[in-house]
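Undergrad: Encoded as structure tokens, here's the structure I'll be asking about.
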Amino acid sequence: MMKRLTLPATRRAVLAGAASASALAIGACAPRGGGNGFLRVAIDTEPDSLDPLKGQFAASALLYKQLHAPLTEYSPSGGLAPGLAQSWRSDDGRSWRFQLAEGLQWSDGTPLTAEDVVWTAQRAVDPRTGFANLGDFFAVTGARDALAGRAPASAIGVTAPDPRTIVFELETPIGAFPVLMREFYPLPRHAIDAHGDRWVRAENWVSSGPYILREANALTYLLAKNPRFQAAGSVSIENIRVDVVEDEATRARLFRSGDLDLADRPPPEQIGFLRREIGDRLHGFDAPILTYLKLNHRREALSDVRVRRALSLAVDRQFLADNFFSGEASPTIHVIPAEVLEGSDRIVPPPDRDAARALLAEAGYGPDNPLSLVLRVSSGSRERIAIAIADDLRGAGLEIEILSSYPLDVSQAVAGGDFDMTLGYFNRGLKSEPDFMLEPFAPGGFADDTGWSGPGRDRFAGLMEDARARVSRGERMAVHREAEAVFLEDQCNVPLLHERAFWMISERVRRRDETLQPQLWRDLSLG
């Protein structure tokens, strides 16, 4: 599904339309309760893959946390804890030795060994798979050569000297390497060898996480407790039903009617209304979430930094925060949230469309030669945000067309380079460190898809490498500040908002730590 949106005469019309849509979408619904033995969850997007080495969507990452066990784990407070590995050590930050827990098994009873971990790491950087990328293995010895096809994946610096020990050899020391392993999920080689890409089907499913995939179709996933999970005794909920409900207002309505126990991302413009209607069942969390304009540098106009800066100058970020997020988002011109960088006092300037028009004129665009761009956006409430942004850009003399389509269509268009601009968004989940906000834009990152090139990108890449090698948190912070400054000087993309994460959580859901987003369902119970 794809549609072109017509700009209303004023942003007031956008807000009026949003208010009308909210009133229609959230009618009074009496909660019906429900205690069918399932945790009932709604996610906003169909996962693009249940294979952790393939999937890119946040919805996929959320399911990975339930279905797969990582090498190291998030603690109940969001820190670092043992996962499949019970311990790890390094004397120099360059050679890391991980010791697996004893008696680990896959869900089908097959022993889980260090060789499975090594094979998964090799598969992650093997270009023959068609989905390889460096990811968290950017510093592993030989990984870059393997990804480029200059060496076999079997030659990378990941070895298993015995069935319970894995050794990672890094090209540069990384003091936080175990933290990176919190979302590295070893995979069942025997199942993948037997079934190929079909191993992710329910009938072929094998994993090591707290839950297994019992049934799946395009819109519903049924998860069942994995009795062979290493900490199965601490998992309370036996069954989980996960429904894909893309429309934000529909998720809110289903929650209010008692059909859901857990749902994230309610309509941002309805936050105030929901606070009044469902009270303390709406929970807000400070989170590493960035909304931004992703720019395609392969387009001639957008390869000019003056044009990119003009786009940034034209947007009224405060208007977006106040009117589309009920004041629950922070306008920003930065990637890293101010609260993450200690001692940071960041002021967001108001839009300056006169300055934007001047930059566009320098680049050769004006009333006689207007710049025309297409803004792609996922269907739903983000359409209204896109209309407001387009109105701002139109005020600076640009001609903007909005193209709305399903999230997967937008993702595929970006992957193929078939876009001018898109309203980008990512949520780093439980990862709040500055590393994880900038990493998506570093070479090989999942948001490194804009065609950005030149000395600025090279400098940014070098600084990111430097930051990874710093053991001191203070030193890493300083380098991250410098890297972000380079990113913004080149205006690679246009940061707009730091959002908060909102979850609707039913009264029957019990959490171990109420300060964290409920992303680890093994830590939940039903009252």
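The values are calculated or read from the model by the stated rules, or taken from the named source; none is laboratory data. Bear in mind that the values here come from a model prediction, so they are computed numbers and not experimental data. Reconstructed Cβ throughout: ideal geometry from the backbone, glycine too, with neighbour counts over all protein chains shown.
Undergrad: From A467, A415, which residue is out of contact with any Leu (no Cβ under 9 Å at 6 or more places or on another chain) and not hydroxyl-bearing (S, T, Y)?
TA: Answer to the check: A415.
Undergrad: Moving to a separate point now. Report yes if A143 is in contact with a strand residue (DSSP E or B) (Cβ under 7 Å, 6 or more places away or on another chain), within 25 Å of S208 (Cβ to Cβ), buried (at least 20 other Cβ atoms within 10 Å of the Cβ) and among the small types (G, A, S), otherwise no.
TA: no
Undergrad: So, of the residues in the stretch 69-90 that are part of a loop (DSSP other than H, G, I, E, B) and free of Cβ contacts under 8 Å to residues at least 24 places away in the same chain, which turns out to be surrounded by the most Cβ atoms within 10 Å (Cβ to Cβ)?
TA: Among them, the one singled out is S75.
Undergrad: Any idea which of (1) in the same structural domain as A386 (by TED's automatic domain parsing); (2) out of contact with any strand residue (DSSP E or B) (no Cβ under 8 Å at 6 or more places or on another chain) is the one L293 doesn't satisfy?
TA: (2)
Undergrad: Could you tell me which numbered condition L50 fails, if it satisfies all but one of (1) modelled with pLDDT of 95 or more; (2) assigned to a helix (DSSP H, G or I)?
TA: (2)
Undergrad: Could you check the stretch 153-174 and list, in sequence order, the residues that are in contact (Cβ under 8 Å) with a residue 60 or more places away in the chain, crowded, with 17+ Cβ neighbours inside 10 Å and not in a strand (DSSP E or B)?
TA: Correct list: R164, P173, I174.
Undergrad: On the basis of being out of contact with any Asp or Glu (no Cβ under 9 Å at 6 or more places or on another chain), in the same structural domain as V348 (by TED's automatic domain parsing) and surrounded by 17 or more Cβ atoms within 10 Å (Cβ to Cβ), does D458 make the cut?
TA: When the stated conditions are applied, D458 does not pass them.
Undergrad: Moving to a separate point now. For the stretch 497-527, what are the residues that are under 24 Å from the mean Cα position of the chain (by Cα), assigned to a loop (DSSP other than H, G, I, E, B) and among the charged types (D, E, K, R)?
TA: R512, D513, E514
Undergrad: For the stretch 213-285, which strands (runs of 3 or more DSSP E) that fit wholly inside it have 1 or more residues that are basic (K, R) and under 20 Å from Q519 (Cα atoms)?
TA: 220-225, 239-244
Undergrad: Still on this structure: Among residues belonging to the stretch 392-405 that are over 14 Å from A356 (Cβ atoms) and not acidic (D, E), point out the one that is surrounded by the fewest Cβ atoms within 10 Å (Cβ to Cβ).
TA: Filtering the stretch 392-405 for residues that are over 14 Å from A356 (Cβ atoms) and not acidic (D, E), the one surrounded by the fewest Cβ atoms within 10 Å (Cβ to Cβ) comes out as S405.
Undergrad: Would a scan of the stretch 431-440 turn up a residue that is among the basic types (K, R) and out of contact with any strand residue (DSSP E or B) (no Cβ under 8 Å at 6 or more places or on another chain)?
TA: Within the stretch 431-440, none of the residues are among the basic types (K, R) and out of contact with any strand residue (DSSP E or B) (no Cβ under 8 Å at 6 or more places or on another chain).
Undergrad: Which condition does G93 not pass, out of (1) of a type in the set (G, A, S); (2) crowded, with 19+ Cβ neighbours inside 10 Å; (3) part of a loop (DSSP other than H, G, I, E, B), if it passes all the others?
TA: For G93, the exception is condition (2).
Undergrad: Kindly provide the set of residues from the stretch 489-522 that are assigned by TED's automatic domain parsing to the domain that holds A329, farther than 20 Å from L282 by Cβ and crowded, with 18+ Cβ neighbours inside 10 Å, ordered by number.
TA: Within the stretch 489-522, D490, Q491, C492, N493, V494, P495, L496 qualify.
Undergrad: Suppose we filter R346, R317, R384, R376 for residues that are modelled with pLDDT under 95, closer than 25 Å to L438 by Cβ and either among the basic types (K, R) or buried (at least 22 other Cβ atoms within 10 Å of the Cβ) (or both); which single one remains?
TA: R346
Undergrad: Counting only residues that are of a type in the set (D, E) and in a helix (DSSP H, G or I), which one in the stretch 474-496 is farthest from Q318 (Cα to Cα)?
TA: For the stretch 474-496, the residue satisfying everything is E475.
Undergrad: Still on this structure, I have one more. Just checking, which of P337, P351 is in contact (Cβ under 8 Å) with a residue 24 or more places away in the chain, surrounded by 18 or more Cβ atoms within 10 Å (Cβ to Cβ), more than 24 Å from the chain's Cα centre (by Cα) and not in a helix (DSSP H, G or I)? Talk me through it step by step, then tell me what you get.
TA: Values: P337 fails: more than 24 Å from the chain's Cα centre (by Cα).
Exactly one residue qualifies, and that residue is P351.
Undergrad: Just checking, which of E246, E238 is touching a residue at least 40 places away in the same chain (Cβ under 8 Å) and over 27 Å from A101 (Cα atoms)?
TA: E246
Undergrad: Quick one: which residue in E482, E433 is assigned by TED's automatic domain parsing to the domain that holds I289 and within 24 Å of A124 (Cβ to Cβ)?
TA: E433
Undergrad: Of the conditions (1) surrounded by 21 or more Cβ atoms within 10 Å (Cβ to Cβ); (2) modelled with pLDDT of 85 or more; (3) out of contact with any helix residue (DSSP H, G or I) (no Cβ under 6 Å at 6 or more places or on another chain); (4) within 30 Å of A81 (Cβ to Cβ), I389 fails just one. Which one is it?
TA: (4)
Undergrad: Of all residues in the stretch 466-475 being buried (at least 17 other Cβ atoms within 10 Å of the Cβ) and touching a residue at least 60 places away in the same chain (Cβ under 8 Å), which is nearest to the chain's Cα centre (by Cα)?
TA: Per the criteria, the residue is R468.
Undergrad: Next question, about the same structure. Just to verify a result, which residue in the stretch 101-127, among those that are modelled with pLDDT of 95 or more, part of a loop (DSSP other than H, G, I, E, B) and among the β-branched types (V, I, T), is surrounded by the fewest Cβ atoms within 10 Å (Cβ to Cβ)?
TA: Once the filter is applied, the top-ranked residue is T110.
Undergrad: A further question follows. Which of the numbered conditions does N133 fail, given that it passes all the others? Conditions: (1) touching a Leu at 6+ places or on another chain (Cβ under 9 Å); (2) assigned to a loop (DSSP other than H, G, I, E, B); (3) more than 18 Å from Q86 (Cα to Cα); (4) not assigned by TED's automatic domain parsing to the domain that holds L100.
TA: (4)
Undergrad: With respect to Q66, determine if the residue is more than 26 Å from E433 (Cα to Cα) and in a helix (DSSP H, G or I).
TA: Numbers: more than 26 Å from E433 (Cα to Cα): no; in a helix (DSSP H, G or I): yes.
In short, no.
Undergrad: What do you reckon, is P188 of a type outside the set (D, E), buried (at least 20 other Cβ atoms within 10 Å of the Cβ), over 24 Å from the mean Cα position of the chain (by Cα) and closer than 23 Å to N133 by Cα?
TA: Criteria met by P188.
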